[in-house]
Amino acid sequence: MKTLFLIAALLVCSASTLAKKKNEIMTDRCSHEVTIVNWGNGPHPSGDPVFLKRHNGKTDWTPPFTVKLSEDGYIRWWCHSTKGNAFDAGTWRVRNIHGGFGCKLYADNTAEDCGPNASFDVGSSEWKGWTAERSRCKNRSNKIRARLDGGRKLLIECLEK
């Protein structure tokens, strides 16, 4: 009887442990199509990238697949939401920041309007309507699956290595 009770207790503990273990699901945003590629590839690489296109705003989960990660463990994905929308704030990147202190100087060595000044240069990360993005699983897994959901969401599930 004790043995049977012990086996039942172990089964209950094992089942509850398995039920609690969930894979990480990362949430990102993209309005239109998404392609997930090996790190270092553009949105139209040779081979078979995973391509997700919204149908009624959503897609089903992809089957599990693996991708080549960056040295820091990032997954490369490209968002195709800038086509016809190049002024989307998500596509702009600050390239250089300049700062200093300046005055208006006159021939008699007087100065006025002294104060700090700053400027910055911006550029677009958009390439033919695609914007490079990156995500990283906490467990640094390169085995994932993905889907598009409502509200512009891209969901990437991090699977066990």
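Table for the structure above
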{"item": "Hits in region 102-161 - residues which are open to solvent by less than 50 Å² (accessible area, probe 1.4 Å), over 18 Å from Pro49 (Cβ atoms) and not in a loop (DSSP other than H, G, I, E, B)", "result": "Gly102, Gly115, Gly123, Ser124, Cys158"}
{"item": "The lone exception for Trp78 - which of (1) assigned to a loop (DSSP other than H, G, I, E, B); (2) in contact with a strand residue (DSSP E or B) (Cβ under 9 Å, 6 or more places away or on another chain); (3) within 20 Å of Leu154 (Cβ to Cβ); (4) at pLDDT below 95 it fails", "result": "(1)"}
{"item": "Selection count, region 29-40, where residues are within 18 Å of Lys143 (Cβ to Cβ) and open to solvent by 30 Å² or more (accessible area, probe 1.4 Å)", "result": "2"}
{"item": "Which listed residue is over 20 Å from Gly57 (Cα atoms), of a type outside the set (A, V, I, L, M), over 16 Å from the mean Cα position of the chain (by Cα) and at pLDDT 80 or above, from Glu71, Glu112", "result": "Glu112"}
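The values are calculated or read from the model by the stated rules, or taken from the named source; none is laboratory data. None of the values given here were measured: they were computed from a predicted structure. For neighbour counting, all protein chains shown are included, and Cβ atoms are generated from backbone atoms with ideal geometry for every residue, glycine included. Ligands, DNA and RNA are stripped out before the accessible areas are found, and what is left, the full protein with its side chains, is counted by its heavy atoms. Shrake-Rupley method; radii C 1.70, N 1.55, O 1.52, S 1.80 Å.
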